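What follows is one structure encoded as structure tokens, with my remarks underneath.
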Amino acid sequence: MDLLSLRSHLSLRSSTSTYPARKPTTAVPEFVKLHEGPSKSKYLPQRYRMATANREGLNGIEEGDGVIIVDHGSRRKESNLMLNEFVAMFRERNKYPIVEPAHMELAEPSIKDAFSSCVQQGAQRVIVSPFFLSPGRHWNQDIPSLTAEAAKEHPGVSYVVTAPLGLHELLVDVMNDRIKHCLSHITGKADECSVCAGTGKCQLRQ
């Protein structure tokens, strides 16, 4: 995911779930690509940092792949619609033919629905990408469990649950952009962003 995609992501959704802090002894799954060079932060262990350089050799989506972007799901219709918008942006920017939204709970389409939709469109491998920041319980247990259950109805179709956004260095720039925009808004130099538009929440309080 490049910087523009991440900036668009946070213009659509500003809130994330809160997860318990990971214990230092918890092993990081081998498929999570971590920063291989010296850590640029004195606060973060090297194994927690996402790689942002030397990415040209990484594998990408292939013919016969389907992508599911899954978020938590909300009782607020507006929040769920934001995922649809992000998926449309992701599909258009990357030119992937099969990309479907899914909500882990509380809303439709479910992971099961999205998995079936991918297969109906010809997917032989389904990539489930969590639209989450931290690798908490939902990523570690709930999403893999729901995906495995969905896959049972489609023998011969493989799947993988990717890492969440995590501590990707581009997120630093995205958060800084968000802060700058909100500060510009409260001083009258910018309109509300698409997340806050009409809510009146972005204002200086005492």
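Being among the polar types (S, T, N, Q) and in contact (Cβ under 8 Å) with a residue 60 or more places away in the chain is the filter here, so list the residues in region 133-146 that pass it.
Once the filter is applied, which keeps residues that are among the polar types (S, T, N, Q) and in contact (Cβ under 8 Å) with a residue 60 or more places away in the chain, region 133-146 yields only Ser134.
For region 112-124, the condition of being hydroxyl-bearing (Ser, Thr, Tyr) and in contact with a Lys or Arg (Cβ under 6 Å, 6 or more places away or on another chain) holds for none of the residues. May I ask you to verify whether Glu149 is farther than 20 Å from Phe86 by Cβ and of a type in the set (Asp, Glu)? Yes, satisfied.
Whenever a residue of region 161-189 is over 21 Å from Val128 (Cβ atoms) and free of Cβ contacts under 8 Å to residues at least 40 places away in the same chain, its partners that are of a type in the set (S, T, N, Q) and surrounded by fewer than 13 Cβ atoms within 10 Å (Cβ to Cβ), lying with C-beta atoms within less than 8 angstrom and at least six residues away or across chains, give the pairs Ile186/Gln203. Give the residue that is most open to solvent (accessible area, probe 1.4 Å), with candidates limited to residues of region 157-206 that are farther than 30 Å from Ile68 by Cα and among the aliphatic types (A, V, I, L, M). Filtering first and then ranking leaves Leu204. Look at His154 and say whether it is touching a residue at least 24 places away in the same chain (Cβ under 8 Å), open to solvent by less than 40 Å² (accessible area, probe 1.4 Å), under 29 Å from Tyr96 (Cα atoms) and assigned to a loop (DSSP other than H, G, I, E, B). Judged against the criteria, His154 is a match.
So that you can scan it fast, the table gives a plain yes or no per residue for (1) touching a strand residue (DSSP E or B) at 6+ places or on another chain (Cβ under 8 Å); (2) at pLDDT below 95; (3) under 28 Å from Val195 (Cα atoms):
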{"site": "Leu81", "(1), (2), (3)": "no, yes, yes"}
{"site": "Asn84", "(1), (2), (3)": "yes, yes, yes"}
{"site": "Ser110", "(1), (2), (3)": "yes, no, yes"}
{"site": "Ala114", "(1), (2), (3)": "yes, no, yes"}
{"site": "Gln141", "(1), (2), (3)": "no, yes, no"}
{"site": "Glu153", "(1), (2), (3)": "no, no, no"}
{"site": "Ser158", "(1), (2), (3)": "yes, no, no"}
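The values are calculated or read from the model by the stated rules, or taken from the named source; none is laboratory data. Please read all numbers here as calculations on a predicted model, not as lab measurements. Heads up, the Cβs are rebuilt from the backbone with ideal geometry, glycines too, and the neighbour counts pull from every protein chain shown. Calculation scope for accessible area: heavy atoms of the full protein, side chains included, ligands and nucleic acids excluded. Shrake-Rupley method; radii C 1.70, N 1.55, O 1.52, S 1.80 Å.
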